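Here the structure comes first, spelled out in structure tokens, and everything after it is commentary.
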Amino acid sequence: MERRSGYCLSVIMLVFGVIFLHCLVMTSFAANVTYDHRALVIDGKRRVLISGSIHYPRSTPDMWPDLIQKSKDGGLDVIETYVFWNLHEPVRNQYDFEGRKDLINFVKLVEKAGLFVHIRIGPYVCAEWNYGGFPLWLHFIPGIEFRTDNEPFKAEMKRFTTKIVDMIKQENLFASQGGPVILSQIENEYGNGDIESRYGSRAKPYVNWAASMATALDTGVPWVMCQQPDAPPSVINTCNGFYCDQFKQNSDKTPKMWTENWTGWFLSFGGPVPYRPVEDIAFAVARFFQRGGTFQNYYMYHGGTNFGRTSGGPFIATSYDYDAPLDEYGLIRQPKWGHLKDLHKAIKLCEAAMVATEPNITSLGSTIEASVYKTDSQCAAFLANTGTQSDAAVSFNGNSYHLPPWSVSILPDCKNVAFNTAKINSVSTISTFVTQSSEADASGVSLSGWTSVNEPVGISSENAFTRMGLVEQINTTADKSDYLWYSLSVNIKNDEPFLQDGSATVLHVKTLGHVLHAYINGKLSGSGKGNSGHSNFTIEVPVTLVPGENKIDLLSATVGLQNYGAFFDLKGAGITGPVQLKGFKNGSTTDLSSKQWTYQVGLKGEEMGLSSGGSTLWKSQTELPTNQPLIWYKASFDAPAGDTPLSMDFTGMGKGEAWVNGQSIGRFWPTYTAPNTGCTDPCNYRGGYNANKCLKNCGKPSQLLYHVPRSWLKSSGNVLVLFEEMGGDPTKLSFATREIQSVCSRISEAHPLPIDMWASEDDARKKSGPTLSLECPHPNQVISSIKFASFGTPQGTCGSFIHGRCSSSNALSIVKKIQFEISLTKFQFDHLCRLALAQKAVVLEFQ
């Protein structure tokens, strides 16, 4: 921690329960949306807009109003979402817009809250979504080639895009109809890297066609193409990335827009958990607006959950938390949400000046840059220190300013600092999962009535078929299931050289991935798996063959289909060979690849509909079979009390999929752990961020906890179904409730005033100093006890503060006295200092 003369910190921690509250406000919307070189123009007025991505199918409809309201409370103007083609048209010409798929209901809820909407139709979306959002049936249309100047593809793309546009029009949801939709997007990141160039001479005609097709749909609102430097003039090229301050529009007639500011990164099975410090996000946003940007979107503002088999990758985890301001469960993540909220307020204070003119950008040093938006009546300035090591003393307009490294100060009046990206006034919270046993306990939560069904090894379906040679998996299953059985019988004669010296035979299998289990004569002999960087692999499994017929059953499994890259749709999976038996006494090898194989798409349990919990196949045994592969489990449970978000802890399980009351909560894989090294927690926010810079959870399961939506539960009699692929013990399962227990904050005398003080008169601002203000996030919460207090130079982070070298011995007693004198649901540092510490500093921890 840096130390300077007069430097003081104060930290407060409060511990409490949680209640959710939301309010919706009706707002009328624009009728005319255009743009010029500076900004989107809504009803004739240029706007600076803050947006955030929430993907409607990654949460549940009962969560949507609260997510939207928290987004509005956080300072957002716009909600951005993709539209997922394979979700809505799983079978050609058969549409589904029910439940989590109800796009129109989601848009109407955003409208009801008074926010705008950006619809990213794509229909290619990437989004770490299975197959990039494309339905698999598209792949089988004769003559089709994705994302190029190909008539079969263009016909299908136009048909679906038109379908979505017509649905929005029918509900009068475009801004031109008085609705909230102010932007639409066609295609997605086609110009990234070498993607477009790899499609050759047919790429540019496709880009032009896509833009023309979209604009011809007459939505009355602008269309964008993100990461498309050669976008035609009828659409707006926008930026995606961790930083977009250096982005240059491809036209002097379009505004500088940022459609994806990545607030973290996605989680992969087998990987550590990525996170992005809020100081860096705020720095990136402030730099973007400093250098002329006027529309910025957080990807994600709420990430949510990849329910079912919707995750892509391959190997994308079920959690899509993304370290977003609203976490996977919809709770506010602090200080990220609060610090960005303050940033948004500061930017909005500059809006009038920003939209009136271009920024005048000047260098004040090797790493210091000033941007001024000035008119006859307005002036706003941004001061940036892009260095990563040293604080800077900056002289600007006759005044001196202190700039921490890798930070931006915002001066809405070109004189006073309203906000600095590195100085957090917002609270921090500690959210924890409170685990409840799966055995009956005082809360009444229990998993009971366990039954099971063994999944047959090898071929068990009448729909099995034979082929000479090996088949690619995705073309064979059409993604109807994660699983494909490859089965073959091998006859071993008594005089086979395999058996002459008693040594083990080796089964060699090369596969495109993603997971493979080898069974010999009904017994599991070995397994292998790829990872998010390399899905293909080879296994060599020692096997014991017997004289006569030997059955080789290979179970290949996918873990989400490729969602990104040129020709990603052609990325295969499954066993393409060779498959060989090694171990002859004479050193020779038998290649089984070209033999006649028998294939079965999917599992017998899937065919029988076991995921619903029905069927008469379920059997109860005195001792539940555990730690065996290929088995289905079923149990019943009552919903845990309360309304806090709920998860299931999969400790003890291997790999598979889980259903609650017939709805899939996603794939589980707690045995796939992150590497032991490479984590950086805490992480220095200074300097350029990338997806591997800030990692945590090394050496632990990538995902252990899985979201169980409350709306999927009944008060009693809920049914849990598990398919366990590798072997596990379901009796170790437990529930956990997601609860906020603590809140902390830290300020110094160098912090700006609270951003809300800018609504005060100048004289009032001059008399005020940095203020630490804490309050319980929900109306019925109160501070229960004080855990820690320090006056001086405390160190550490929320939940683990310690006294610094300078510390008052009276701080704890003073704060405890105040706690008894007033009802502590809200606490302000300036109030405490006036009472007890004469404008000095204090550190508190409440419980």
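Key figures for this structure:
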quantity	calculated
Qualifying position, being closer than 21 Å to residue 516 by Cβ and within 36 Å of the chain's Cα centre (by Cα), among 565, 613, 609, 602	602
Those strands (runs of 3 or more DSSP E) lying entirely in the stretch 204-321 with at least 1 residues over 24 Å from the mean Cα position of the chain (by Cα) and at pLDDT 95 or above	223-226, 236-241
All positions within the stretch 774-798 that are at pLDDT 80 or above and closer than 20 Å to residue 432 by Cα	796, 797, 798
Filter result (open to solvent by 20 Å² or more (accessible area, probe 1.4 Å), under 21 Å from residue 127 (Cα atoms) and out of contact with any Pro (no Cβ under 9 Å at 6 or more places or on another chain)) within the stretch 58-94	61
Residue, most open to solvent (accessible area, probe 1.4 Å), within the stretch 385-394, restricted to residues that are among the polar types (S, T, N, Q) and not in a strand (DSSP E or B)	389
Condition met for residue 450 (within 29 Å of residue 743 (Cβ to Cβ) and of a type in the set (Phe, Trp, Tyr))	no
Residue check, residue 27 of a type outside the set (D, E, K, R), farther than 28 Å from residue 335 by Cβ, out of contact with any helix residue (DSSP H, G or I) (no Cβ under 6 Å at 6 or more places or on another chain) and modelled with pLDDT under 95	yes
Residue 655 vs. criteria farther than 18 Å from residue 719 by Cα, among the basic types (Lys, Arg), in contact with an Asp or Glu (Cβ under 8 Å, 6 or more places away or on another chain) and open to solvent by 50 Å² or more (accessible area, probe 1.4 Å)	no
Single residue of the stretch 485-501 satisfying the filter (among the hydrophobic types (A, V, I, L, M, F, W, C) and either modelled with pLDDT of 95 or more or in a strand (DSSP E or B) (or both)) that is nearest to residue 461 (Cα to Cα)	485
Filtered residues of the stretch 263-279 (kept if crowded, with 24+ Cβ neighbours inside 10 Å and within 27 Å of residue 39 (Cα to Cα))	263, 264, 278
Residues located in the stretch 188-221, provided they are closer than 26 Å to residue 172 by Cβ, open to solvent by 10 Å² or more (accessible area, probe 1.4 Å) and not β-branched (Val, Ile, Thr)	212, 213, 216, 217, 218, 220
Total residues in the stretch 308-330, condition in contact with a Ser or Thr (Cβ under 6 Å, 6 or more places away or on another chain) and farther than 16 Å from residue 268 by Cβ	2
So residue 735, is it in contact with a helix residue (DSSP H, G or I) (Cβ under 8 Å, 6 or more places away or on another chain) and over 30 Å from residue 244 (Cα atoms)	no
Pair list, Cβ under 8 Å, 6 or more apart: the stretch 97-120 residue within 15 Å of residue 183 (Cα to Cα), other residue among the basic types (Lys, Arg)	115/72
Members of the stretch 667-678 found to be under 29 Å from residue 724 (Cβ atoms) and either open to solvent by 70 Å² or more (accessible area, probe 1.4 Å) or in contact with a strand residue (DSSP E or B) (Cβ under 9 Å, 6 or more places away or on another chain) (or both), listed by number	667, 668, 669, 670, 671, 672, 673, 674, 676
Hey, residue 556 assigned to a loop (DSSP other than H, G, I, E, B), touching a residue at least 12 places away in the same chain (Cβ under 8 Å) and buried (at least 19 other Cβ atoms within 10 Å of the Cβ) or not	no
The stretch 335-384 - residue that is within 34 Å of the chain's Cα centre (by Cα) and charged (D, E, K, R) and, of those, least open to solvent (accessible area, probe 1.4 Å)	336
Test: residue in the stretch 31-40 that is hydrophobic (A, V, I, L, M, F, W, C) and at pLDDT below 95	yes
Residues of the stretch 638-677 that turn out to be more than 20 Å from residue 740 (Cβ to Cβ) and among the charged types (D, E, K, R), as a count	4
Every residue from the stretch 729-741 that is over 13 Å from residue 649 (Cα atoms) and either crowded, with 21+ Cβ neighbours inside 10 Å or touching an Asp or Glu at 6+ places or on another chain (Cβ under 7 Å) (or both)	740
Enumeration of residues in the stretch 512-540 that are crowded, with 21+ Cβ neighbours inside 10 Å and part of a strand (DSSP E or B)	515, 516, 517, 518, 519, 520, 529
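The values are calculated or read from the model by the stated rules, or taken from the named source; none is laboratory data. Because the structure is a prediction, the values reported are computed rather than measured. We place every Cβ from the backbone using ideal geometry, glycine too, and count neighbours over all the protein chains shown. Calculation scope for accessible area: heavy atoms of the full protein, side chains included, ligands and nucleic acids excluded. Shrake-Rupley method; radii C 1.70, N 1.55, O 1.52, S 1.80 Å.
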